[in-house]
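Have a look at the structure below, then the notes.
The values are calculated or read from the model by the stated rules, or taken from the named source; none is laboratory data. Just so it is clear, the model here is predicted, and its values are computed rather than measured. Here Cβ is always computed from backbone atoms with ideal geometry, including for glycine, and neighbour counts include all displayed protein chains.
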Amino acid sequence: MKDELMRIGFILILTFCSVLFAQELDGKKVFETYCWGCHHQKAEAFGPSFKEIASKRTLEEIQAYIIEPKAMYKAFGYKRSAMPQLNITDKERDSIAKYIYSYKGSK
Ligand code: HEC
């Protein structure tokens, strides 16, 4: 009985780790596919760096901006918006938003 519980616990931990890992990989892939031309992780490009975005926005704000830049740019303090509305899935948006947010506090 105790062994059985340990085994289940171990499997749960493994599953949890692989979910976390897959999410991070997905976020990076979405970034490389859709965002890299205009955003870089730590350096300013055409758009602000992920590090800068994460330092001043919440996860929800990041999500909202990706969904519709044209509806959000004024609230974010921009005079005009050059970021296109990207056609990505909810899951892709979720993982890229978390990926951006993971740069919060990075050097
Ligand atoms: C064609 C260039 C371009 C592409 C592609 C692009 N962006 Fe942007 N992004 C910008 C620019 C420029 C801004 C600055 C505000 C504006 O012009 O809308 C911006 C702003 C943002 C902001 C808000 C910045 C802030 O002040 O907090 C977020 C979040 C963001 N982009 C995420 C993404 C993500 C995620 C992707 C890919 C899925 C992406 N962008 C793709 C150009 C781009």
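Here is how the numbers come out for the structure above:
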item	result
Residue that is nearest to Lys29 (Cα to Cα) [pool: residues in the stretch 72-83 that are among the aliphatic types (A, V, I, L, M) and free of Cβ contacts under 8 Å to residues at least 12 places away in the same chain]	Met72
Matching residues in the stretch 41-71 - criterion: being surrounded by fewer than 16 Cβ atoms within 10 Å (Cβ to Cβ), within 8 Å of the ligand (Cβ to nearest atom) and in contact (Cβ under 8 Å) with a residue 24 or more places away in the chain	Phe46
Residue in the stretch 18-26 that is modelled with pLDDT under 95, within 14 Å of the ligand (Cβ to nearest atom) and either farther than 26 Å from Lys107 by Cβ or not hydroxyl-bearing (Ser, Thr, Tyr) (or both) present	yes
Close pairs (8 angstrom Cβ cut-off, 6 or more residues apart or separate chains): under 16 Å from Glu61 (Cα atoms) in the stretch 84-100, part of a loop (DSSP other than H, G, I, E, B) and not hydrophobic (A, V, I, L, M, F, W, C) anywhere	Gln85/Glu68
Unmet criterion (only one of (1) closer than 21 Å to Gln63 by Cβ; (2) modelled with pLDDT of 80 or more) for Arg7	(1)
Breaking point among (1) more than 7 Å from the ligand (Cβ to nearest atom); (2) in contact (Cβ under 8 Å) with a residue 60 or more places away in the chain, for Phe31	(1)
Flag if Glu44 is assigned to a loop (DSSP other than H, G, I, E, B) and either at pLDDT below 95 or acidic (Asp, Glu) (or both)	yes
